[in-house]
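The values are calculated or read from the model by the stated rules, or taken from the named source; none is laboratory data. Source: prediction; values computed, not measured. Quick reminder, even Gly has a Cβ in these numbers, built from the backbone with ideal geometry, and neighbours come from all protein chains shown.
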Amino acid sequence: MASYGVIWPISSFIQQTFETKDSDEGYDWWRCARFGLWGSCYVAPTLYTWLTIASIMWPGNTIRAGLIKTAIETVTYTPFAMCSFYFGMSLLEMKSFDEAVAEVNAKFWPTYKVGASIWPAVALVNFCFIPPKNRVPFISVCSLMWTCFLAYMKHLEKEDIPQRAKQSNVKMLSNILKLTTLKKTTKNSHDYPSLKVSSHPLKVEVTNMKQSKSKNFIESINKWSEAFDEPDPLLKFEQANDNEDLEPIIEIDTQKNYIQVWSKRRANILSKYTTGEKLTIVSSFLPGGEKALIRQVSNLNEKVKHRLEQLDDFDEGSIRKTIGLSQQEFVGKINMLDEEIKKAWDTEQRVKAFKICIQCSKLLSDFNVMQFYPSKFILICDILDNFGNLVFNRLKNKSTGDQVIKSPMDIDPARVPESAKETCQNWMFKMASIRELLPRLYMEMSLLKCYVFINKNEIKPIIKRLTTMIRGIANPLVAVYLRVYLCNVAVKLLGRESEEFFFDNLKEFLEDYEQIFHPMMTKKYGTQLLTQDQYLNLYEPAVNWLMFGTLNYHKSKHTLLEEFLNQCDVLENKSISSELFLACILSSFESQDIIEKSSRILEMIHKSADKMVLLSPVLASLGEHLCKAGSHHRLTSEALSQSWWKIASNIKSTISFLHVLEPWLQFACTQLSTQHTNIILRGTIRFMLKCGKPAEEFSSNFHLVVKRMLKSIPDVEELFLMDAFMPLLELVQTSSARTGMAKTILSVFFERCSTTSIEDPVIIASLMRLCCILHDSINLATVDDEMKVCADLIIKFVHAVYHEESEQQLSFYVDCRAAFIKLDAVLVALVHYFSSLATVDDEMKVCADLIIKFVHAVYHEEPEQQLSFYVDCRAAFIKLDAVLVALVHAVNALSCRAGGETGEVGAVGVSGSAGGRGRWVQRACAAYCCVTAPSLRCGLARAHLYLLSGQAALLNGCIGQAEANFKALVGIIPNIPQYIKEDGQDKPTHDRMAGLLSNFLSTLLILPDNVDSNRKAYVLSGFIKVLERVQWKKTDPLYYNLLLKTLDLLCHMTREKYIYTIDSVISNDELYGSEEEFIECIEKYATHVCQEILVVLKMLGDNKETKKQYNLGLELFWRVVRRGDLSDPSMSSLAANLWMLTQKLQDHNKYAKSMLTALEADSNPASRQLLHKITSV
């Protein structure tokens, strides 16, 4: 046992010495330890037991007894020992049971054949001439050589076993002896470990070629074969000029577009598909690899023979298999091969360059490290492209000399010299003689552009033939990337004409789609510890590229999308997962097409969600498309969001859930109400609590979700009014994560916040909490730059908060001083704010009154001078809101005065310098008002100024400025408080808001639409949306009365002639002239408002507010009767139902009776029919 505990690790040490002598790798001491453990604890006891049993059963040292024991040992113990060696050592290497069995199957028979030729003689000597007590030591000494061989076989790759098995037993024994003597031959320091092979792809063999459908190609092959009877054309002319660009200059926009797009995708592939696994490269041409064949050639015919022999002959000692390469080392080796091609080409060793390319293309048949295959494809294709360019440029120089060729297709084969054609044919014949299919296809594709020197008309048939031949590649991953290379070569050559081949190859891929899920592929990526989603992601770059060309080829993308979705359904019906194809569809088609089919796609995802491994990226991609949608119908958006949430809430992975949540939350913020967004946030909190893991593990994903939500929500202040937003942030408990999130929220908030002051207590409390998180993160280790960033954000918060009462403002500053005591910059700012409060309210009012009197007293004849004076006043008295209000009123009056001096107020087309100057002053006045109003702290005062300024601008014909003021008014409505401080008391703003908004709606009747906008009644539609988002109770009279007045406005807007207009303003009645599309748009708005009023009616009934419900029902009834089409059954039914509802609530008052009286006086048959209906009831 002791001897075997020493012999076996020594044998492993000797084998590693021989293996690593020409490389930079060190010794694997764990391998030696495993050999020592196996030899001492397993081999020694079993061998001792076998020798003891043999001596007992066949005693004696005679020749006969020795032969018997030798024969029995050869057929019993030896196979058992070999199988247990490979199986047991594999288990010690932590391999699986299946891998251990596979290694036994691969290596047992070659090892047994060698052992059967050696061990019978050793056993015969042992049993016949060695005493029993010395037999184990004798066998141990003999085992040293044999164990070295076993160590060599154990760490030989399984793919190389068949080639090694072809060597003779004598040669094997010779190698064993070389291992034991440790005699190293002298080699260069940069040599790499090599393996000898007995065959190569260019060796001449008898092959049966299947006749092609193209007769021209067969005739060309026959013609090429005749050219080799002549002197070798590769050496007949001088070397081509290598200083030229390898890539021909192509000036076709389509080709440039494809090349640019592929260049970007190429960079993404190289950065995404990386690996930490060890890689292998097999080549004869790395530095020091190939042994040159130096011969003296007397004439050209012998030179041709030598070239063909060289093409057919790899030196057995030259092919090297370098294993254990890192990704960086592998890329370095590939670059070295590329340099070797250029060196060989420069020294006229063109066959050597050809052979290097063949070996490079064969590397693409190795997918033992699948995760790296897309990047390896990119690297190898670069080499093939470079080689194809070298050949093409040489043929071009032979054909046209130094003439500039814009595109290969510009070459006329009729003008190509015969010598150049023969050279081209020579290359094609070399390519056609490659035995293996994959390198032959890659080499033919790399030389595809060279066909222009023979017959350009053959190029498209050849591409179609190659498209079909790829079916012979069994591995779907290898095949789809081969199709990508074919399409890339075709597009560089044919431009837009190549797009049909993208579609053909995509169809071929779909025909073989089922092979992606073949058990062989499943087993292969399983042994590489890849998950199914990682495996499917390897196909996406290739399929997306084929899809890109297909979309450019098809004009009707809508029809193509429908076809592809039907194909997904067909695959699902065959129980084949279509998620890979669906993911590629979503990443390739434009958002507009996907949005139209979003409901169907979401339904497909819902049906297959339980078995999808790409559920997260597919669902997130669909969400990204929907984020680019315009205004959806509310019901459609809500249905999509509800369907999405049913799928997303069942996702098991928290990271995947947050990845999906990011785009869909943006979709909810932009398309749905704040209430719906708040519901999603509540569901997110429940999901995070249910997952059982701390939220800080996903802080980076959380950060992205919150940041995107902040940037996408229309009004960022509404986010803080949601009851689920701050609790969502509190899920993250780690100090660093919370600090980063607070910093992001505050930065985005102050960047997007449209108001100059914050008065809402909920928003103030939320921002105060975030600022405290920033402040608490500061310690002795915090750098100055970080402290400065925190201080700036906190100062912005302090500056933005405003309270009407000085006592409240002072209390806020006191709280800030206590909360932010660590930041000197904040304390300095607070001192300034304290000093600004020293002036009491009465003194400020007195100052404001005096300044206003001064402003009113100053008068200039020239409007420009007067406006300049108002500008100076605004800069000087910016702290006094009352002065700013007076200035805005004065400027509005000035704009009307300027219009009156140059002509009729609001008139257009006034000639002369006075007219032009007046128009300039009016626009300047409108801009002044729009800029000054946001400086006011009171939201209600700002709203009044926006309305008055917009009306003044509209009166003066400044449509753009009027629209800007009205938009600002609509945006500020949610920020107007319910109460304001006046004379020390809180006074409600509802009545003022009702009058203000009624005035605003009356003005909107004459406001024309912006011709640059695609939406009709753009400002009014925004106002309707704001009404839904504003924090008013729906049962509040202010809310439903505004809805009624909005309905009145919509009814007036459908008239052919409006009841009032401004002469110089072309209102919508003249702009559209009762256009059908405009009327339909207005009717949609009216229908939406009516539905909202009906919802309010129901809520009033649920709250038992009978009087309000009665009054609202009567108001809506009268509007339906007077402005609706009662001949429409639905409209008549609505009016009757409203009347019956009011009857149930209470007896009719005078107002209701007057409605009946007016209805009785109406001679309209529909009105008479309605009257009969409601009176009979």
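Results for (1) touching a helix residue (DSSP H, G or I) at 6+ places or on another chain (Cβ under 6 Å); (2) over 24 Å from Ile679 (Cβ atoms); (3) in the same structural domain as Thr531 (by TED's automatic domain parsing), shown as yes or no for each residue.
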site: Leu565; (1), (2), (3): no, yes, no
site: Glu572; (1), (2), (3): no, yes, no
site: Val613; (1), (2), (3): yes, yes, no
site: Leu626; (1), (2), (3): yes, no, no
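Return a yes/no flag: does the range 475-496 have any residue that is part of a loop (DSSP other than H, G, I, E, B) and of a type in the set (A, V, I, L, M). Checked against the condition, which is being part of a loop (DSSP other than H, G, I, E, B) and of a type in the set (A, V, I, L, M), the range 475-496 yields no hits at all.
Against the test of being in a helix (DSSP H, G or I), in contact with a Cys (Cβ under 9 Å, 6 or more places away or on another chain) and modelled with pLDDT under 90, the options Glu696, Glu717 yield a single qualifying residue, Glu717. Residues that are of a type in the set (A, V, I, L, M, F, W, C) and within 48 Å of the chain's Cα centre (by Cα) were ranked within the range 965-993; the one that is nearest to Val1065 (Cα to Cα) is Phe966. Exactly one residue among Lys507, Lys524 is of a type in the set (D, E, K, R), part of a helix (DSSP H, G or I) and either at pLDDT below 90 or buried (at least 17 other Cβ atoms within 10 Å of the Cβ) (or both), and that residue is Lys524.
Residues are listed down the side, and each one gets a yes or a no for (1) in the same structural domain as Val6 (by TED's automatic domain parsing); (2) surrounded by 15 or more Cβ atoms within 10 Å (Cβ to Cβ); (3) touching a Gly at 6+ places or on another chain (Cβ under 6 Å):
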{"position": "Ser40", "(1), (2), (3)": "yes, yes, yes"}
{"position": "Thr49", "(1), (2), (3)": "yes, no, no"}
{"position": "Ala54", "(1), (2), (3)": "yes, yes, no"}
{"position": "Pro59", "(1), (2), (3)": "yes, no, no"}
{"position": "Ala65", "(1), (2), (3)": "yes, yes, no"}
{"position": "Phe80", "(1), (2), (3)": "yes, no, no"}
{"position": "Phe85", "(1), (2), (3)": "yes, yes, no"}
{"position": "Phe97", "(1), (2), (3)": "yes, no, no"}
{"position": "Thr147", "(1), (2), (3)": "yes, yes, no"}
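Within the range 1063-1095, the set of residues being in a loop (DSSP other than H, G, I, E, B) and within 15 Å of Asp1009 (Cβ to Cβ) comprises Val1065, Ile1066, Ser1067, Gly1073, Ser1074, Glu1075.
Beta carbons closer than 7 Å, at least 6 apart along the sequence or on distinct chains, pair a first residue in the range 25-41 that is at pLDDT 80 or above with a second that is among the aliphatic types (A, V, I, L, M) for Arg34/Met89; Arg34/Leu92. Within the option set Lys1098, Lys1107, being over 53 Å from the mean Cα position of the chain (by Cα), part of a helix (DSSP H, G or I) and loosely packed, with under 14 Cβ neighbours inside 10 Å holds for one residue only, Lys1107.
Scanning the range 419-459 for residues that are crowded, with 18+ Cβ neighbours inside 10 Å, among the charged types (D, E, K, R) and over 40 Å from the mean Cα position of the chain (by Cα) yields Lys421, Glu422, Lys430.
Within the range 1060-1070, the presence of a residue that is acidic (Asp, Glu), at pLDDT below 85 and under 23 Å from Thr755 (Cα atoms) is excluded. Taking the residues in the range 680-693 that are in contact with a Ser or Thr (Cβ under 9 Å, 6 or more places away or on another chain) and part of a helix (DSSP H, G or I) as candidates, determine which candidate is surrounded by the fewest Cβ atoms within 10 Å (Cβ to Cβ). For the range 680-693, the residue satisfying everything is Arg686. The sole residue among Phe87, Phe80, Phe35 that is assigned to a helix (DSSP H, G or I), touching a Ser or Thr at 6+ places or on another chain (Cβ under 6 Å) and among the aromatic types (Phe, Trp, Tyr) is Phe35. Here is the figure for the range 108-129: residues that are farther than 22 Å from Phe35 by Cβ, of a type in the set (A, V, I, L, M, F, W, C) and crowded, with 16+ Cβ neighbours inside 10 Å total 4. Of everything in the range 778-795 that is crowded, with 19+ Cβ neighbours inside 10 Å and in contact (Cβ under 8 Å) with a residue 40 or more places away in the chain, the residue that is nearest to Leu746 (Cα to Cα) is Leu793.
Here Ile462 meets the list (1) among the hydrophobic types (A, V, I, L, M, F, W, C); (2) without any contact (Cβ under 8 Å) to a residue 40 or more places away in the chain; (3) surrounded by 19 or more Cβ atoms within 10 Å (Cβ to Cβ) almost entirely, failing just condition (2). Considering the conditions (1) surrounded by fewer than 18 Cβ atoms within 10 Å (Cβ to Cβ); (2) free of Cβ contacts under 8 Å to residues at least 60 places away in the same chain; (3) touching a Lys or Arg at 6+ places or on another chain (Cβ under 8 Å); (4) under 21 Å from Lys492 (Cβ atoms), Ile405 is excluded by exactly one of them, (2).
I'd like to check which helices (runs of 4 or more DSSP H) are fully inside the range 922-1038 and have at least 2 residues that are touching a residue at least 60 places away in the same chain (Cβ under 8 Å).
Result: 939-955, 959-972, 1018-1029.
Residues that are outside any helix (DSSP H, G or I) and either in the same structural domain as Val826 (by TED's automatic domain parsing) or not hydroxyl-bearing (Ser, Thr, Tyr) (or both) occur in the range 793-801; there is at least one.
In the range 1055-1078, the residue that is surrounded by the most Cβ atoms within 10 Å (Cβ to Cβ) out of those that are within 16 Å of Lys1016 (Cα to Cα) and either of a type in the set (Gly, Ala, Ser) or touching a His at 6+ places or on another chain (Cβ under 6 Å) (or both) is Ser1067.
In this structure, is Leu1112 touching a residue at least 40 places away in the same chain (Cβ under 8 Å) and either under 25 Å from Tyr1039 (Cβ atoms) or of a type in the set (Gly, Ala, Ser) (or both)?
So Leu1112 fits the description; yes.
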